[in-house]
Each structure stands twice: as structure tokens, then as C-alpha cells.
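Everything on this sheet refers to the single structure shown next.
The values are calculated or read from the model by the stated rules, or taken from the named source; none is laboratory data. Quick caveat, the model's predicted, so the values are computed rather than measured. Glycine gets a Cβ as well: all are built from the backbone with ideal geometry, and neighbour counts include every protein chain shown. Heads up: the accessible areas ignore ligands, DNA and RNA and are worked out on the full protein's heavy atoms, side chains in. Shrake-Rupley method; radii C 1.70, N 1.55, O 1.52, S 1.80 Å.
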Amino acid sequence: MQPASKGPIGVFDSGYGGLSILRELRRVLPQYDYVFLGDNARAPYGSRSFDVVYQFTRQTVERLFEMGCPLVLLACNTASAKALRTIQQNDLPQWDASRRVLGIIRPTVEEVGDLTSTRHIGIFGTKGTVSSGSYPIEIAKFFPDVKVTGHACPMWVPLVENGEFDSEGADYFVKKDINALLEEDPLIDMVILGCTHYPLLEAKIRHFMPKHVKVVSQGAIVANSLADYLERHVDMRAKLTTGGSCQFLTTENPDMFRTAASSFLAEEIVAQHVDL
């Protein structure tokens, strides 16, 4: 792999949810160029094993590096939970130690301490994210006094990706999962939406959640964290191109991607197919 020169920020997700992160990145950091790659043909990652998620994520990161991205953000909680650390420790030194791969769990976790009074928080996520234990592990590093309860919501991503996030069916599953989480720990006063699809359900979640429970979405947190990272890492900032452009790639049908993306982005886009 050739050493990184100047290029765009790569943003990866297994599905469409990472577009909610991309939207906030472009709002906070509009000057940079972006390449979004959705591995939609192999989604969802949430129920897959650690090894499979790692292999799939590794392939997409390598492709974005080949396209000239000096920095890749895994805008996917499952990939951040199951693949990020191995890629950072094992693969990056072999590819190009000057490049960077960042995730979205740690920036989210760093905000936890100021947002809970009871020191009891909940995590809504996919089965893969919850079973990985990544959120409790990361939160314990910063706030060892905080009790974390994870709850998997297997129906939420299909509801979003099938355009049913504003339906009565969504009401049923959102209420069911909120009740299940709070029954497990009634002292929870803060919930993290630990999947990038969930912002499309956020209005319903806030509606059915008890008013004293804060609901934390990741988009703005991750975007502000990346802005802070680039402010502190001048060398990386100098490697990023600043044309304000955005390219969309998908392993699925581009027209299907374009239609689904409209739920996450308030604009018409053009997508291209890519093989991994």
C-alpha cells in the first residue's frame, strides 16, 4: 500500500445508519471531502461473529485506504466494537502507520460522566454491540462507578431500513424495549442510542421514555470529537482535502441505496457500486 498523501475522510458503515453520522460530520466539518462506503450487500453486521465482522471491516477500510483516505471513521457501533482494536493494533502498522482508523464508541463514552446523576445508564444497541461488552468496558475506563445495562433491540434496524420507523409497529417495539431495559434497572437516568440507525427512531424513543431519562444520540458527539481530534493533530489535518465534496459508494444496488439514503439525508445523492 502506498503511503498516504492528501485525500478525503473515509466513513464506513455496514448499512445506512452511518449516514446519520456523516450528516453531522458534514454539518460540523463542511470543508472536508468525504467518501462514504456502505457494505449494504452484507448487512446487517449486528448478528455476525467477531471474526466475520473483523474480516468485512478490514476489507472496507483497506478499500478506503486504496482510494486515498488518510483517515477512516467506522461509523458503525458493531464494527467499532468487534473490529476497531484489531485493525488499529495489527493491520495499521503493516499497511501504513501514518494513517488512522477511528471508531464511534469511545467519543460517545467520554460524554457519559456529566450526563448521569444516578450513575446508572442504559445502552440500546444491536445484538453484536451489546454482546461485545464494548460500552461497559470503555465506560469502566473513564467512570468505574457507573453501572451499565445493555439491551439488544433486534427489530429497530429492520424498522428503519424498511421505512417503518414512523409506524404503529415501531411504537410497539420501542415501548417494549424501553420497558424491558427499565425493568432490568429502574435507576437508569440516561440511555445511549448505541446504533447509528436509531436517530430515526429518536422522536419515538423520547416520547415513550420517562421524562427524567436523558436520551443521547451519537451524531453530534462524534462530529465534535473528530473536530477536536483534527484540531489537536495538525499533521492529519494537513493530509485531508478540503473541497467540500461527498462521494457515496455501496456494495448493493446504487438505486436502492439512493432511495434508502433519503431517510437519513435531506438531499438527493448519486451512489456508485463497489465490489470488495
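General remarks:
- Criterion: in contact with a strand residue (DSSP E or B) (Cβ under 8 Å, 6 or more places away or on another chain), open to solvent by less than 10 Å² (accessible area, probe 1.4 Å) and not in a loop (DSSP other than H, G, I, E, B) - qualifying residue of LEU92, LEU37: LEU37
- From SER49, SER14, residue being hydroxyl-bearing (Ser, Thr, Tyr), farther than 22 Å from ASN224 by Cα and out of contact with any helix residue (DSSP H, G or I) (no Cβ under 8 Å at 6 or more places or on another chain): SER49
- Cross-chain or 6+ apart pairs with Cβ under 8 Å, the stretch 144-172 first and closer than 22 Å to ASN40 by Cβ, then among the basic types (Lys, Arg) and outside any loop (DSSP other than H, G, I, E, B): ALA152/LYS127; PRO154/LYS127; PHE165/LYS204; ASP166/LYS204; ALA170/LYS204
- Filter result (at pLDDT 95 or above and surrounded by fewer than 21 Cβ atoms within 10 Å (Cβ to Cβ)) within the stretch 1-23: GLY7, ARG23
- For the stretch 188-202, the count of residues that are open to solvent by 40 Å² or more (accessible area, probe 1.4 Å) and not polar (S, T, N, Q) is zero.
- Unmet requirement for ASN162, which otherwise passes all of (1) within 20 Å of the chain's Cα centre (by Cα); (2) closer than 30 Å to LEU71 by Cβ: (2)
- Subset of the stretch 79-89 that is closer than 23 Å to LEU193 by Cβ and open to solvent by less than 10 Å² (accessible area, probe 1.4 Å) - its residue that is farthest from the chain's Cα centre (by Cα): ALA83
- Residue check for HIS212: over 25 Å from ASP13 (Cβ atoms) and outside any helix (DSSP H, G or I): yes
- Scope the stretch 44-60; condition touching a residue at least 60 places away in the same chain (Cβ under 8 Å), surrounded by fewer than 23 Cβ atoms within 10 Å (Cβ to Cβ) and not in a helix (DSSP H, G or I); matching residues: PRO44, SER47, ARG48
- Conditions (1) over 19 Å from PRO154 (Cβ atoms); (2) in a loop (DSSP other than H, G, I, E, B); (3) touching a residue at least 40 places away in the same chain (Cβ under 8 Å): number failed by THR196: (1)
- Every residue from the stretch 85-99 that is closer than 28 Å to LYS127 by Cβ and in contact (Cβ under 8 Å) with a residue 24 or more places away in the chain: THR86, ILE87, ASP91
- All positions within the stretch 106-125 that are in contact (Cβ under 8 Å) with a residue 60 or more places away in the chain and among the aliphatic types (A, V, I, L, M): VAL112, LEU115, ILE121, ILE123
- 3 or more residues of a type outside the set (Gly, Ala, Ser), closer than 18 Å to SER14 by Cβ and open to solvent by 20 Å² or more (accessible area, probe 1.4 Å): qualifying helices (runs of 4 or more DSSP H) within the stretch 115-185: 156-161
- Flag if ALA75 is within 17 Å of TYR16 (Cα to Cα), among the aliphatic types (A, V, I, L, M), touching a residue at least 40 places away in the same chain (Cβ under 8 Å) and open to solvent by 10 Å² or more (accessible area, probe 1.4 Å): no
- Enumeration of residues in the stretch 226-273 that are within 21 Å of the chain's Cα centre (by Cα), surrounded by fewer than 16 Cβ atoms within 10 Å (Cβ to Cβ), among the charged types (D, E, K, R) and in a loop (DSSP other than H, G, I, E, B): GLU267
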